[in-house]
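The values are calculated or read from the model by the stated rules, or taken from the named source; none is laboratory data. Everything quoted here is computed from the prediction, not taken from an experiment. As a convention, Cβ positions derive from the backbone with ideal geometry for all residues, glycine included, and neighbour counts pool all protein chains shown. All accessible areas refer to the heavy atoms of the entire protein, side chains included, with ligands and DNA or RNA removed. Shrake-Rupley method; radii C 1.70, N 1.55, O 1.52, S 1.80 Å.
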Amino acid sequence: MHIEMNILFTLGSLVGLLVGGGLLKLVNYLARGRIQFMYAICGGILLGLLFFDILPSTWHLYDLRGVLLGIVAGYIIMLCIDLFLHKQNSEILPLQALILLTVAIFFHNVITGITFGITDMHQSASVFAATLLHQVPEGMAIMTVLSIAKIPNIFFLLIITLLSLGGSLLIGESVQASSLKLQALSTGAAIGTLSFVIFHEIIGKTITHFRNLHVWLLVSLGVLIIYVYQYSLSLLHGH
């Protein structure tokens, strides 16, 4: 891949993440600061990404055993990070969700970059547009956690720069000749890390603030949002 294409995808990814963060700030303003509600919806959005995006593109490409092993490895990695953070001073606890979410999205973006590098999908304008739009929900998730932790917005710019797809695409090119087993393990790790964040860090923590029924209604709303969003992307890709 030419360096110009890497730069183009990196900037496009940054724009998508910025749009997602901006949308979250707008929704939070309209909701009059009820960020805890957005936290539950954010969990639904990530859950929708898992079910409607990552899993469907995984089962028919890779060996199930390799994916399952990667899922276990990814979950254990997140569990170790979680246990480490719990041992730290209580002042770091508000940052826990942000750290775990950043790690999970990093794994997911690396897998996306590997997919682009292996299949040469980056040459398609429609997939390029879909990739930009795909970053919007992740930008919303990051900004939600930042708002919960009351971290200055400047850190949002730092995080999305680190998470941009430019480096991931370079990794994808470098592993074009790698085995499908390694790709299956990597994809499973992305699923495992994201699942940990969704069920343990977001939904699990939200249940402590709201009734179970209210939480799952908000999560379902997030899933519905991402379903409509992904369906719209499929229509865009079809054209």
Among the residues listed as S168, S164, the single one being at pLDDT below 80, within 15 Å of the chain's Cα centre (by Cα) and more than 22 Å from L61 (Cβ to Cβ): S164
Number of the condition not met by P56 [criteria: (1) in contact with a Ser or Thr (Cβ under 6 Å, 6 or more places away or on another chain); (2) modelled with pLDDT of 75 or more]: (1)
Starting from the stretch 73-84, keep only residues that are open to solvent by 50 Å² or more (accessible area, probe 1.4 Å), then list their pairs with residues that are modelled with pLDDT under 80 whose Cβ atoms are within a distance under 9 Å, requiring at least 6 positions of separation or different chains. I77/F107
Residues of the stretch 178-188 classified as in contact (Cβ under 8 Å) with a residue 24 or more places away in the chain and open to solvent by 10 Å² or more (accessible area, probe 1.4 Å), total: 5
Select from the stretch 211-231 the residues that are polar (S, T, N, Q) and surrounded by 14 or more Cβ atoms within 10 Å (Cβ to Cβ) and write down the one among them that is farthest from M38 (Cα to Cα). Q230
From the options G113, G117, residue that is open to solvent by less than 10 Å² (accessible area, probe 1.4 Å), in a helix (DSSP H, G or I), modelled with pLDDT of 60 or more and out of contact with any Lys or Arg (no Cβ under 7 Å at 6 or more places or on another chain): G113
Which residues, counting only those in the stretch 50-88, are in a helix (DSSP H, G or I) and under 16 Å from the mean Cα position of the chain (by Cα)? L50, F51, F52, D53, I54, P56, S57, T58, I71, G74, Y75, M78
Condition met for F37 (in a helix (DSSP H, G or I), modelled with pLDDT under 75 and either in contact with a helix residue (DSSP H, G or I) (Cβ under 7 Å, 6 or more places away or on another chain) or open to solvent by less than 80 Å² (accessible area, probe 1.4 Å) (or both)): no
If a residue has to be at pLDDT below 75 and either under 15 Å from the mean Cα position of the chain (by Cα) or open to solvent by 80 Å² or more (accessible area, probe 1.4 Å) (or both) to count, how many in the stretch 8-29 make the cut? 1
